[in-house]
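Nothing in this text is a laboratory measurement; each read-out follows from the coordinates by a stated rule. The structure displayed is predicted, hence computed values, not measured ones. Neighbour counts are summed over all protein chains in view; Cβ atoms, including those assigned to glycine, are modelled from backbone coordinates with ideal geometry.
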Amino acid sequence: MVKNIEGKKNKMASGGKNSLVLTTCPNNQEAEELARSLVEKHLAACVQITGITSYYEWKNKVNKDEERLLLIKTQTERYDEIEQFITRHHSYDVPEIISMPIHNGSDAYLHWIDEICNKS
């Protein structure tokens with residue numbers, strides 16, 4: 001257990017059992033199709049989509065694009081499947097696919113992620 005600023009105890013997810021995976025898409029249609037498929041296949045419990053502006057270098061040129069950022073809540077052990085799925089269904093040559101472990105979270109929410117992702 002870890003205490004937060006107010007001195008209340010927070011439970012830690014054991015070893016990052018759950019993760020937040022990030023990817024970006026060029027438009028709403030692709031983002032929504034990817035999000036729906038990840039949830040329908042129980043690779044993710046939840047996918048949130050938000051608009052962002054990205055600056056990046058590609059083929060020796062600095063670019064600025066409006067993109068959709070997907071926040072994918074899943075089990076850490078499902079990462080390889082998610083990476084393969086995104087790579088197969090993504091329009092980018094090199095899609096962003098980054099995973100960060102979730103070390104803290106409400107027991108109920110983390111349990112819900114496990115329940116959904118264990119259905120497949």
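Only helices enter this figure: runs of n ≥ 4 DSSP H residues, each worth -39500 (n - 2.57), summed and divided by the residues of the chain, yield -9000 deg cm²/dmol at 222 nm to the nearest 500.
Ranking ALA108, THR76, LEU43 by Cα position along the charge dipole of the chain, where only Lys, Arg, Asp and Glu carry charges on their C-beta atoms, puts ALA108 farthest toward the positive end.
Apply the Debye scattering formula to segment 2-117, with a single equal point scatterer on each alpha-carbon and no solvent, then give log10 I(q)/I(0) at q = 0.15 Å⁻¹. Values returned for q = 0.15 Å⁻¹ are -0.70. Taking a point 7 Å from the Cα of ASP65 along the Cα-to-Cβ direction, the residues of segment 27-50 with backbone N closer than 18 Å to it are 27-35, 49-50.
Express the relative contact order of the chain as a whole percentage, based on alpha carbon pairs under 8 Å and six or more residues apart in sequence. Walk me through the numbers before you get to the answer.
Numbers: 213 pairs, mean separation 46.7, N = 120.
Relative contact order comes out at 39 percent.
Dipole of the chain (Lys/Arg Cβ +1, Asp/Glu Cβ -1, origin at the Cα centre): which of ASN118, THR23, SER91 lies farthest to the positive side? The Cα lying farthest towards the positive end belongs to ASN118. Residues whose amide H comes within less than 5 Å of that of ILE102, counting only those at least five positions distant or on another chain, are ASN18, SER19, LEU20 (H built at 1.01 Å from N in the peptide plane). Short to long, the 10 Å bins of the Cα pair-distance histogram for segment 25-73 hold 27, 43, 23, 7 percent of all pairs.
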